[in-house]
Structure formats: C-alpha cells, structure tokens
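Scroll down for the structure; my scribbles are underneath it.
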Amino acid sequence: MTRTVSALLATSILAGSAFTATAQELNLYSSRHYETDERLYSDFTDATGIVINRIEGNADELIARMAAEGMNSPADVFLTVDTSRLQRAADAGLLQAVDSDVLEARVPANLQDDDNLWFGFSQRSRIIFYNPETVENPPMTYLDLADPAYEGMVCIRSSTNTYNQTLLAAIITHEGEEVATEWATGMVHNFARSPQGGDTDQLRGIVSGECDIAVSNSYYFARAVRRDVDGLSDHLDMVAWTFPDQAGNGAHMNLSGGGVAAHAPNRDAAVAFLEYLASDQAQVYFSAGNDEFPVVEGVPLAPSVAHLGEFIADDVALSEVAGNIPAAQAIFNQVGWP
Ligand code: FE
C-alpha cells in the first residue's frame with residue numbers, strides 16, 4: 001500500500017500529472033531502435049511502479065499489428081521515429097486524442113499533431129556533411145545540394161527512407177511541388193553513387209572518399225563523437241558540416257514521438273508515460289543517451305550534441321508537412337530516385 005501511494009506521488013511530482021489510476025502495467029509498441037532507451041523505461045518504472053512490457057519491431061510491422069488486433073489490441077502507447085510514421089498511424093485510426101495540460105505546456109505546438117493524436121519528444125536535424133579537403137564551397141541550403149556544381153559528389157540514402165520522405169515533404173511545404181520536383185531531379189543528377197545504406201554509411205562515404213558531401217541526421221555524427229563508431233570515429237577531422245537554410249527557413253528537423261493507442265487498455269498509464277517523456281529527466285536522457293535534441297525548451301544538451309554548435313531550426317508545423325508526404329513519394333518515383 002505504501003508503495004502505491006509513493007508511486008502515485010512520484011508521478012505527480014514527475015510530470016505534474018493528475019494521474020490517479022491503479023493500473024500498474026503499460027504495453028509499449030516501439031520502433032525506436034536504440035539500446036540506450038532502456039534507461040528511459042526503467043526510470044519511469046522506478047518513479048511510478050508501472051511495469052512496461054515492450055513490444056519492439058519496425059514501425060510498419062507495428063502499425064500492421066495494431067490494425068490487425070483492432071479493438072482487442074493490448075497496445076497502450078505507440079512510439080516511433082519520423083513524422084511520416086506517426087501520421088500513418090494516426091491516419092489508420094490507431095491513435096486517440098490526448099488532452100493533457102502537461103503535454104500542451106511542454107511540447108511546442110509545431111511538434112505535435114493538430115488533433116493531439118501524436119506528440120514529438122525529441123528531434124534530430126537532417127543536415128549537410130562534407131569533406132573540407134575536397135569541398136571548398138559547401139552547400140548552404142537544401143536546394144544548393146542539387147546545384148550542378150556538385151555533380152557526382154552527393155551521397156544520400158534511398159527514397160524509401162522516411163527521413164528523406166519527410167525532408168522532401170518539408171521542401172514541398174516551403175517551396176511548392178514544382179521547385180521540389182526540380183530539386184529532386186538535380187539531386188539524382190548529383191549522386192556520387194546509387195543510394196545505399198543508412199545515414200552512418202553516408203558519413204562513412206566521406207571517410208572512404210566515395211562521397212564529398214553527405215546528408216545525414218545529426219545524431220549519427222554526434223554518436224560517433226560520443227563513442228566509437230566503426231569507420232567514422234577515427235576520422236572525424238575529415239568531416240565538416242553545415243546546418244542548412246540558416247538565412248531562410250532553418251535546418252529541417254526530424255521528429256521522434258508517439259501517441260496513445262486507440263484502444264489502450266491502460267489509458268491513464270499511457271498518458272502518464274507520454275507526460276514522463278516530456279519531463280526534464282527524460283528529455284535530458286534523449287540527448288545524453290541517443291544524441292538527440294530535446295523538444296522542451298531549456299533542457300541541457302549532451303556534450304556530443306552541443307559539439308555540433310548552435311543553429312536555427314525550421315519551426316514549420318510538422319502536422320502540415322505530414323500532409324505532403326504522398327506528394328513527396330510521387331516526386332521520388334517521377335524523378336527516379338531509387
Ligand atoms: Fe535513425
């Protein structure tokens with residue numbers, strides 16, 4: 001009994017929550033693929049007594065599973081990376097609206113769904129890396145990457161990658177479909193090699209000399225600063241970077257976030273967990289554990305993340321960007337970006 005009371009107290013202190021349920025279990029469907037997230041979950045359990053059952057898989061599989069389970073789904077919370085996947089779950093009717101003063105106060109408006117079906121908890125910037133030895137005038141904007149001056153120099157992953165889908169969707173949001181199509185056409189022209197591998201492989205391409213310029217999310221580089229990443233950490237001096245669009249819209253931000261499942265059996269615990277993810281304690285951990293940017297203002301950055309320097313982030317409403325993902329997909333197909 002004492003344990004339950006103190007657990008409830010801890011939750012209220014933790015997130016200012018009005019959480020009062022006694023359900024002590026939470027089923028978390030997560031496609032975040034970072035071993036370091038373990039701490040996030042154990043801290044929540046320590047503070048609340050709520051045990052987290054983790055069901056991990058890739059986002060598409062988890063979305064299909066939730067859809068197949070329907071009203072009987074045990075899923076309480078769906079966590080994933082990239083706005084496109086959050087929106088796909090929302091569009092499929094798999095998430096429910098959450099009315100939380102804590103989340104409204106702590107998660108910036110542009111990083112949550114207009115209907116409160118999903119909320120962002122951490123960000124990464126999708127930026128331009130380059131070899132300072134071979135690139136004298138690096139691209140300063142996303143549109144610059146498609147400039148004929150960089151023909152045969154640019155490495156970026158395939159169009160099946162959701163980070164690229166959301167980046168192109170953001171370009172559509174800012175510049176319109178015509179400019180976005182021109183950009184994608186120019187990008188294909190500038191490829192140093194056929195798109196392959198993950199973001200870290202684009203950075204490794206700079207080290208190997210295959211790529212002069214590479215597009216990658218910031219955390220893959222920051223991770224190589226924090227700990228040893230094969231083929232990268234020993235050669236960090238070969239990699240410079242620019243945060244694009246600093247005189248314009250700001251650097252594109254990729255979001256990781258989640259929402260409460262439509263038929264969550266432990267709804268109160270699910271809301272408490274989302275509120276916990278917006279707490280200072282969890283926000284610090286997104287940065288220290290996985291080299292991401294916290295979404296909550298004023299939360300300190302890990303040294304590996306601060307190392308990247310200060311920059312202006314694009315604050316476009318990601319809910320709006322998500323609406324342009326089908327158009328982005330069509331453009332990728334049209335221009336033959338594999
Ligand atoms: Fe990633």
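The values are calculated or read from the model by the stated rules, or taken from the named source; none is laboratory data. In this text, all values refer to a predicted model and were calculated from it rather than measured experimentally. All Cβ positions, glycine included, derive from the backbone under ideal geometry; neighbour counts span all protein chains shown.
Can you tell me which residue in region 294-317 is modelled with the lowest pLDDT, limited to those that are in contact with a helix residue (DSSP H, G or I) (Cβ under 6 Å, 6 or more places away or on another chain) and small (Gly, Ala, Ser)?
Among them, the one singled out is Ala317.
Any chance region 141-151 includes a residue that's free of Cβ contacts under 8 Å to residues at least 40 places away in the same chain and closer than 19 Å to Ser84 by Cβ?
Looking through region 141-151, none of the residues is free of Cβ contacts under 8 Å to residues at least 40 places away in the same chain and closer than 19 Å to Ser84 by Cβ.
Which number in (1) among the basic types (Lys, Arg); (2) modelled with pLDDT under 95; (3) over 19 Å from Leu255 (Cβ atoms) marks the one condition that Arg65 misses?
Here Arg65 meets the rest and fails (2).
So that you can scan it fast, the table gives a plain yes or no per residue for (1) part of a loop (DSSP other than H, G, I, E, B); (2) under 27 Å from Val229 (Cβ atoms):
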site: Ser287; (1), (2): no, yes
site: Glu297; (1), (2): yes, no
site: Leu301; (1), (2): yes, yes
site: Ser304; (1), (2): no, yes
site: Leu308; (1), (2): yes, yes
site: Phe311; (1), (2): yes, yes
site: Asp315; (1), (2): yes, no
site: Val321; (1), (2): no, no
site: Ala327; (1), (2): no, no
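How about region 325-336: which of its residues are surrounded by 20 or more Cβ atoms within 10 Å (Cβ to Cβ) and either more than 17 Å from Asp82 (Cβ to Cβ) or under 17 Å from the mean Cα position of the chain (by Cα) (or both)?
Correct list: Ile325, Ile331.
I'd like the full set of residues that are buried (at least 22 other Cβ atoms within 10 Å of the Cβ) and under 16 Å from Pro139 (Cβ atoms), limited to region 171-182.
Ile171
Take the conditions modelled with pLDDT of 95 or more, hydrophobic (A, V, I, L, M, F, W, C) and exposed (fewer than 14 other Cβ atoms within 10 Å of the Cβ) and apply them to Ala192. Does it pass? Before you say what the answer is, go through the steps one by one.
Details: modelled with pLDDT of 95 or more: yes; hydrophobic (A, V, I, L, M, F, W, C): yes; exposed (fewer than 14 other Cβ atoms within 10 Å of the Cβ): no.
No.
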